[in-house]
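First up is the structure itself, then whatever we jot down about it.
The values are calculated or read from the model by the stated rules, or taken from the named source; none is laboratory data. It should be emphasised that the depicted structure is a prediction, and the values quoted were computed from it without experimental measurement. Note that we place each Cβ from the backbone using ideal geometry, even for glycine, and neighbour counts take in every protein chain shown.
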Amino acid sequence: MVHITEEMVRRRAEHNDCEIFSLEEVSLHQQDIERIEHLDRWCRDLKILYLQNNLVSRMENLSRLKKLEYLNLALNNIEVIENLEGCESLQKLDLTVNFIGCLSSAESLRHNVHLRELFLVGNPCTEFQGYRQFLVSSLPQLKSLDGTEISRSERIRSSQGLKEVKRRVLEQEKEFLRRRAEEKEEVQRKAAGEEKGNKERRGEVEENEESQENEENEEVEENSKQRVSEEEQQEQQEQEEQEFWNTPCSFTPESRLETHRHLEKKRRAKEKGAEQQPKASRTLITADGRVMNVNEPKLDFSLTEDEQNNTVVLDLAVYRHMDTSLVDVDVQTTYVRVSVKGKMFQVVLPAEVRPDSSTAQRSQTSGHLVLTMPRAEGEIKVSKVVPRPAGVRPSRGSSSSQHSLRNPSSPEWLDVDPSGRTTLDLGSIVPGPRTRRGPVEASGAAPPAAPAHCCFSEGFVDDPEVPPLM
C-alpha cells in the first residue's frame, strides 16, 4: 500500500520551490495511492488536485480544503460521492471511470454552490434510466454534465415528472447494491479458498523438504531433480499466468485491486531475478582499441559535416523535458560519448576534431543536444621510428632523437605537423643580412673565403669603416 508522504508532495512542488504550505496545485497521479490523507493539513491553499489513476476507494480528508476549485479522481475505485461539503470553492469534479452506483449520493453536491462541471462517464450509474434528468434536477447549479452543456429547456423538462424519475432511479440503485453485495461475498469465498489452497501447498512443500532431507542420493541425481523441479515450476507459473488473464471476471474494485497486486508481484519477481543476474557491462572500446557505435537510450540523431565552417555537427534528440544535469558529454578526437540518464550514446566521427574548441548546446524548442566540433588542421598520423645507423650521433636540436635514446623500446610517436618535418630549422627563425654574420651563422661553419679576383675601378679604396651599400 502506497501512502502520501511529505517527501512525495515536496518532489511534486518543484514549481513552488518545494514549499508545500503555500502550494496551490499538486499532481499525484499514477502512484498506486489507496487512501487520501495529510493533504488537508499540509496544503490548505490547494486549488487544483490531481489524483487520477490510483487505487483510492473513498473520498475522505478533503473537507478542510476550502480553496479547492478542481478535483480529479478519475480511474479510481470510488463507489460513493461523499465528504465534499466543506470544499466551498469547488467548481469542477471529475469522477470518470469509477464504480459509483449509488446515484442518490450525488445529491450531497447540492451544498457545493459553485460547482459548474461534473464528469461521471464510465460509472455504473450512467446506465440508469433517468440518470441525466435526475442529476440536472437535483443539482441546479450545474452548467455542464459529462462534457455536455445543460440548456435552460433541458432543466425545465427535467423538473417535470421528477418524482417518477427518482422512484425509478432508487429502484435501479437498490438492484445494483444487491448485485454488489453478491459480488463481495463471491470475492470473500474465493479469497478463503485461495488461502486454504496456499496452506495445503505449503504443507506439501514442507513434507517434500522433509522427505528430501531423509533421502540419501548422489549429487548428480539431486542436481537433475533440481533442474526438473525448476522446469516444472516455470511451466506452472506460465500456466497460472495464462489462466489469470484468460479467466473472465466482472469489472469491480476488487478485480482491479487483484490485477494491480498481480502485476506488482510479477514486477518484484522480475526485479529480484535481475538483481541475482547482474547485467553485463556494455563494451565501448574493444581490447584492440576499436571504438564501438553504441545507442543505449535509443535516441534519434544526425551526424553531418559542415564544409563551409569546417566542422562536424552532431544533433542528438534528447528528451525535451529532461533536465540538462542528467546529460554528460565527452568529446574525443575521433569519437563522441554522451551519457543520458546513465545510458551511453557513442558514435565514431568521420574526421578528427578538436575537443578543446567544441561546443554543446540544448535547443530551447525541441530540447535536442547539438555538438559543434571543429576539424583538426593536421591529421594525426602514427609514424614509425626509423632505426639510426650505428656510429651516427643525433643532432642537438632533435627532441625526437633524444626521446628515442631515452626510450629505445618505444616503436612510434604521434606526428601532428602536416608538413612531415621532424626537426626545427633554427636558422630560418630570424632572417639576417647575407653580408653580416649573426649569432646563428657565427655558431655554424667557417666564414666564406675572399674571392680570387674582383673588378674594382681605379682609385677604389677599401675602407673597413665605411658600411656596405645595400
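Being part of a loop (DSSP other than H, G, I, E, B) and in contact (Cβ under 8 Å) with a residue 40 or more places away in the chain is true for just one of Gly101, Gly86, Gly122. Which residue is that? Give the steps one after another, and end with the answer.
Values: Gly86 fails: in contact (Cβ under 8 Å) with a residue 40 or more places away in the chain; Gly122 fails: in contact (Cβ under 8 Å) with a residue 40 or more places away in the chain.
Going through Gly101, Gly86, Gly122 in turn, the sole match is Gly101.
Does region 282-289 contain at least one residue that is loosely packed, with under 14 Cβ neighbours inside 10 Å, touching a residue at least 12 places away in the same chain (Cβ under 8 Å), out of contact with any helix residue (DSSP H, G or I) (no Cβ under 9 Å at 6 or more places or on another chain) and not assigned by TED's automatic domain parsing to the domain that holds Ser57? Yes; the residues of region 282-289 include at least one that is loosely packed, with under 14 Cβ neighbours inside 10 Å, touching a residue at least 12 places away in the same chain (Cβ under 8 Å), out of contact with any helix residue (DSSP H, G or I) (no Cβ under 9 Å at 6 or more places or on another chain) and not assigned by TED's automatic domain parsing to the domain that holds Ser57.
Table: residues versus (1) in contact with a Gly (Cβ under 7 Å, 6 or more places away or on another chain); (2) within 19 Å of Glu186 (Cα to Cα); (3) surrounded by 10 or more Cβ atoms within 10 Å (Cβ to Cβ); (4) charged (D, E, K, R).
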position: Glu232; (1), (2), (3), (4): no, no, yes, yes
position: Glu235; (1), (2), (3), (4): no, no, yes, yes
position: Glu241; (1), (2), (3), (4): no, no, yes, yes
position: Trp245; (1), (2), (3), (4): no, yes, no, no
position: Cys249; (1), (2), (3), (4): no, yes, yes, no
position: Arg256; (1), (2), (3), (4): no, yes, yes, yes
position: Thr259; (1), (2), (3), (4): no, yes, yes, no
position: Lys265; (1), (2), (3), (4): no, no, yes, yes
position: Arg268; (1), (2), (3), (4): no, no, yes, yes
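Of all the residues in region 249-268, those that are at pLDDT 85 or above and outside any helix (DSSP H, G or I) number 1.
Inside region 310-339, can you point out the residues that are without any contact (Cβ under 8 Å) to a residue 12 or more places away in the chain and not hydroxyl-bearing (Ser, Thr, Tyr)?
Let us first name the residues in region 310-339 that are without any contact (Cβ under 8 Å) to a residue 12 or more places away in the chain, namely 323, 325, 328, 330.
Within region 310-339, Asp323, Asp328, Asp330 meet the criteria.
Residues in region 299-310 that are within 27 Å of Ser281 (Cβ to Cβ) and either in contact with a helix residue (DSSP H, G or I) (Cβ under 7 Å, 6 or more places away or on another chain) or exposed (fewer than 14 other Cβ atoms within 10 Å of the Cβ) (or both): Asp300 alone.
Working carefully through the options Gln129, Gln133, find the one that is on the phi < 0 side of the Ramachandran plot, part of a helix (DSSP H, G or I) and assigned by TED's automatic domain parsing to the domain that holds Arg41. Talk me through it step by step, then tell me what you get.
Numbers: Gln129 fails: part of a helix (DSSP H, G or I).
Just a single option satisfies the conditions, and that option is Gln133.
Among the candidates Gln346, Gln361, single out the residue that is of a type outside the set (A, V, I, L, M) and free of Cβ contacts under 8 Å to residues at least 12 places away in the same chain. First the steps, then the outcome.
Working: Gln346 fails: free of Cβ contacts under 8 Å to residues at least 12 places away in the same chain.
Step by step, each of Gln346, Gln361 is checked, and only Gln361 is of a type outside the set (A, V, I, L, M) and free of Cβ contacts under 8 Å to residues at least 12 places away in the same chain.
Screening region 143-198 for residues that are β-branched (Val, Ile, Thr), assigned by TED's automatic domain parsing to the domain that holds Leu90 and assigned to a helix (DSSP H, G or I) and picking the one that is surrounded by the fewest Cβ atoms within 10 Å (Cβ to Cβ) gives Ile156. Which residue is farthest from Glu14 (Cα to Cα), if the candidates are limited to region 311-326 and must be over 11 Å from the mean Cα position of the chain (by Cα) and surrounded by 13 or more Cβ atoms within 10 Å (Cβ to Cβ)? Across region 311-326, the extreme among qualifying residues is Thr311.
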